Amino acid sequence: MIFHAKIKKEENGYQIQFIELPNVVTFSEKKENIIGIAREALVGCVEADLDRLLDLPLPKKIKAKNIISISLPLHLSCVILFKKLRHKERLTTAEIAKKLGISRQAYERLESSRANPSAETIERVLTVLGASYIEITVLAA
């Protein structure tokens with residue numbers, strides 16, 4: 001998943017604020033460090049929000065001046081997508097787990113920031129959630 005941040009030049013550097021996640025704001029003194037600092041802030045905030053069981057938005061398609069695109073690691077993209085699809089299907093974690101043949105706790109780990117599912121697991125979950133048409137490359141884009 002690709003999230004977008006607006007860059008604002010300030011006196012001592014650059015303010016970076018994510019459009020889809022306005023609570024994610026960070027600062028870089030040097031222009032060449034913006035991407036790394038933005039990605040670190042995005043990952044940290046998404047992990048914290050997932051651990052607090054907050055609902056995260058899906059990214060939007062945005063193209064504008066002073067906007068950068070920052071990719072979220074695949075495992076965190078999967079967590080967001082799994083939760084969105086599960087809620088859309090109005091299924092509980094126990095119901096999904098039963099369909100997958102795993103425990104509820106095992107499935108709940110797949111929806112946590114510490115999840116690192118294999119490609120096979122991602123495909124199985126997407127199939128159970130009725131989204132087998134989604135390719136892994138789409139998650140990373």
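Coordinate-derived values only; no laboratory data. Because the structure is a prediction, the values reported are computed rather than measured. Neighbour counts run over all protein chains shown; Cβ positions are idealised from the backbone, glycine included.
Show me the strands (runs of 3 or more DSSP E) entirely contained within region 1-97 in which 3 or more residues are out of contact with any Lys or Arg (no Cβ under 6 Å at 6 or more places or on another chain), of a type outside the set (S, T, N, Q) and more than 24 Å from Arg124 (Cβ to Cβ). So that I can check it myself, show each step before the final result.
On the way: elements: 2-10, 13-18, 25-28, 67-71.
Correct list: 2-10, 13-18.
Taking region 27-58 as the search range and keeping residues that are in contact with a Phe, Trp or Tyr (Cβ under 9 Å, 6 or more places away or on another chain) and among the β-branched types (Val, Ile, Thr), which one is nearest to Pro73 (Cα to Cα)?
Val46
Exactly one of (1) buried (at least 17 other Cβ atoms within 10 Å of the Cβ); (2) free of Cβ contacts under 8 Å to residues at least 60 places away in the same chain is unmet by Lys31. Its number?
(1)
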